[in-house]
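Below is one structure, written out as C-alpha cells; the observations come after it.
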Number of protein chains: 4
Amino acid sequence: MGKFKFFIPLRVRFAETDAQGHVFFGHYLTYFDEALTQYQHAIGFTYQDFLDAGVDFFYIHAECDYKSRAFFEQVLNVHARVGNIGNSSVTFEFAIHKEHDDEWVATGKIVAVVIDPQTKKPVRVPEMFREAVAKFEIQNS
Amino acid sequence: MGKFKFFIPLRVRFAETDAQGHVFFGHYLTYFDEALTQYQHAIGFTYQDFLDAGVDFFYIHAECDYKSRAFFEQVLNVHARVGNIGNSSVTFEFAIHKEHDDEWVATGKIVAVVIDPQTKKPVRVPEMFREAVAKFEIQNS
Amino acid sequence: MGKFKFFIPLRVRFAETDAQGHVFFGHYLTYFDEALTQYQHAIGFTYQDFLDAGVDFFYIHAECDYKSRAFFEQVLNVHARVGNIGNSSVTFEFAIHKEHDDEWVATGKIVAVVIDPQTKKPVRVPEMFREAVAKFEIQNS
Amino acid sequence: MGKFKFFIPLRVRFAETDAQGHVFFGHYLTYFDEALTQYQHAIGFTYQDFLDAGVDFFYIHAECDYKSRAFFEQVLNVHARVGNIGNSSVTFEFAIHKEHDDEWVATGKIVAVVIDPQTKKPVRVPEMFREAVAKFEIQNS
C-alpha cells in the first residue's frame, strides 16, 4: 500500500458487529469517512472551513477490499491520505490494520467531488486544500 | 398493551444484527421512528406537511422494553399509535411482534415536542394534527 | 447497466439521512446487502439454506458509484443480479433508481467468497447456487 | 444527576447525524453502550471475561432523555455508572455533556439482565462484578 503519514485509532463498537460475529462490511465506509475528516484536521481544515470557503464535498465513489476480519473492541488504525487531486475531484485512500499487527484488515478509497453548495455543481478543488495536502505530505515524508 | 390500529412490517436486515446474533438494541428506536413516520402518513400527513405548516418535531424522550429476541430476516410488525397529546408534546407508543406470532418482542415510546424550526422553541401541537389523530382513532376503533 | 430481473423497493429512513440532508453514503452498501438477501430468496434460497449446506459468504469487495442524491421517504428500487460466478467467488451487481424515475441514483457491486464456516477457507460455489442463478436468469429473460 | 466517576469522550461522526443536522436520536443508545463497555474495563473486566465466567448480558430496557442537540465533530463526554444491582439485573446510568460545557445533552439508562448463554435464562449477577463495582465506586469517591 505504500506509506501513510496519518491514521486514527478506532475501537470497534458492539453496534458495528453483525451476526457473523465481526464488523458489518458497510461500517468500513464510516471508518474511512471518520479518518477522512480527521485527516482534513491534520492538514489544517475543519469541515466548516470548507463551507465557509463556499465549497462542500459530495462523494461519487467509495470502495473497500476486505482482507481479514475485525472483532468487537479491537482497535483499528485507520490510515488516510490523498492519492490524487484532479480538477474538481479528490481521491482519498485508506488502509486499516489492527493495533500491534501490521496485517491489513481492509483497504479502500473514496472519491469526492468539490461542489458549490448552492448549485450542487462541481467546482475546482480550492488552492488552499491543494497546498495544505502538498505541505503535509512533504513535511511528514 | 391495549389495541393498535396501525402497524408496518419491517424485515430485519443483516446490518441490524450484532455479534449476539440478534437485533442490536439501539435499532428498535429506528424501527419505532419508521413506524411513527408511516403512522403520520396513515392519518394524512407527510413530514413535509409539518415543515410547510411551520413546525418540526424534536424528540425529548425515547424508551424501549425488550421482551424477546428478533433475528435476521424475521418480519416484525411495528405498531404505532398516539398515546397522549399535551400542549406542545405528543407521546407515540409502539409495540412490536413477529409476523404470525402475537408475543411482544419489544414495546416503547417516543415523546416528541413540536417546535418552531426558526427558534427551536416549543409551540402548540397544530390543530390539524390533533384532529387527524382523533379522526383516525375513531374511524378505526 | 443492462437489464436486471429483480429489485426490491426500500423507503429511505430518517436514520439513514445525514446532515447534508440526503442518504449517508455508507448506507448504500446496506441497501445492496438487503437486495442481495432478497435476490437469493427470489432464486430459491434462504441464508439458512447456505448454512445448512455447510457454506457461508464472506464479502471481499464492495463498491458504489453515487450518481445522484436520495432523500428521506423516497422509495428506491434496488436492483440485484449475479454478474459473474468464479470458482469460489460470486459477483453481485446492483443499481438503484427512484420509483417513477429511471435515472440511476447509485450502482455498485459486492464480491463474495463462499467459505467453509469451520475453517473460514474458500470453497467451491455450490452447484445448487449456480443452477438456481442460471435458471432464474433464463426464466426471466 | 449526582456524580459520575467515569466517562469516555466520543466525537460525533458524520454518519451519526441526520437531516435535522444533529445526532440521530437512536445513536445515543450506541453511545451509552460504548460507555458501558468501557466502564466494565475501568472496573477490571472485558466482555470476554463475562463469557468466560459463563454469563452474558441481555438488555431488557433502555431509555434516553434528550436535553439539547449535538452536532458533527463535537466531543461528547459520555458518563457511566452502575445505579443499582438486583438479583439478576444491573441498572447502568448515563449522562452526556459536551467537552468544555457542563450542560447535559442527554441522560439515560440501560437495564441489563445477566443470563446463562446456554439457556438464555437469568442468573444471579456474579459476585466478582458486584465487588468490582463497589470497589471502583469507593476508590473513586
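Any read-out appearing in this document is the output of simple, stated calculations on the displayed coordinates, not a laboratory observation. Computed from a prediction, not measured in an experiment: that's the story for all the values here. A quick note on method: Cβ atoms are made from the backbone with ideal geometry, for glycine too, and the neighbour counts reach across all protein chains shown.
Structure summary
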| item | result |
| --- | --- |
| In sequence order, calculated HN-Hα J values of segment A:10-17 (Karplus, 6.51, -1.76, 1.60; Hz; x Gly/Pro) | 10, 8, 5, 8, 4, 4, 8, 7 |
| Sum of -39500 (n - 2.57) over DSSP H runs of 4+, divided by residues of the protein assembly as shown (222 nm, nearest 500) | -7500 deg cm²/dmol |
| Test item: B:97-106 mean partner chain Cβ contacts at 10 Å | 0 |
| Selected from C:Tyr59, C:Pro122, C:Phe94, residue furthest toward positive end of dipole (chain C; charges at beta carbon) | C:Pro122 |
| Built amide H within the under 5 Å cut-off of A:Arg81, gap 5+ | A:Glu93 |
| Exercise: per-residue mean of other protein chain Cβ atoms within 10 Å, C:59-69 | 6 |
| Kirkwood hydrodynamic radius over Cα pairs of the protein assembly as shown, then Stokes diffusion coefficient at 37 °C and 0.692 mPa s, in µm²/s | 130 |
| 7 Å along Cα→Cβ, label-point gaps from C:Gln74 to other copies, nm, shortest first | 2.8, 3.4, 3.6 |
| For A:Thr46, residues with placed amide H under 5 Å, excluding near neighbours | none |
| Rounded to 10°, Cα long-axis angle of helix C:127-139 versus longest principal axis of chain C | 50 |
| Overall Cα dimensions of segment C:23-124 - principal axes, largest extent first, Å | 42, 23, 22 |
| Over 24 Å between alpha carbons, listed pairs B:Lys3/D:Lys121; B:Lys98/D:Lys121; A:Lys120/C:Lys5 | B:Lys3/D:Lys121; A:Lys120/C:Lys5 |
| Dipole moment magnitude, nearest 20 debye, the protein assembly as shown about Cα centre, only Lys, Arg, Asp, Glu C-beta charged | 0 |
| Backbone HN-Hα couplings from phi across segment B:69-75 [Karplus 6.51/-1.76/1.60, Hz, Gly and Pro as x] | 9, 10, 10, 2, 6, 5, 8 |
| Distances in nm from B:Val123 to the matching label points in the other copies, shortest first (labels 7 Å along Cα to Cβ) | 3.3, 5.6, 6.2 |
| Charge sum, other residues only, whose C-beta stays under 14 Å from C:Phe6's C-beta, Lys/Arg counted +1 and Asp/Glu -1 | +1 |
| Segment B:83-100 - phi-based ³J(HN,Hα) in whole Hz, Karplus 6.51/-1.76/1.60, Gly and Pro as x | x, 7, 10, x, 5, 10, 10, 10, 9, 9, 10, 9, 8, 10, 10, 7, 3, 6 |
| Residue and distance (whole Å) for the chain A Cβ nearest the axis that superposes A on C | A:Glu63, 2 |
| Amide H contacts under 5 Å for B:Ala19, placed H, 5+ residues apart | A:Thr17, A:Asp18 |
| Charge context of D:Arg81, other residues only, Cβ under 12 angstrom, K/R +1, D/E -1 | +1 |
| Degrees separating the helix D:27-42 axis from the principal Cα axis of chain D, which is the longest one | 50 |
| At 7 Å out from Cα toward Cβ: A:Leu51 inter-copy label distances (nm, ascending) | 1.6, 4.1, 4.3 |
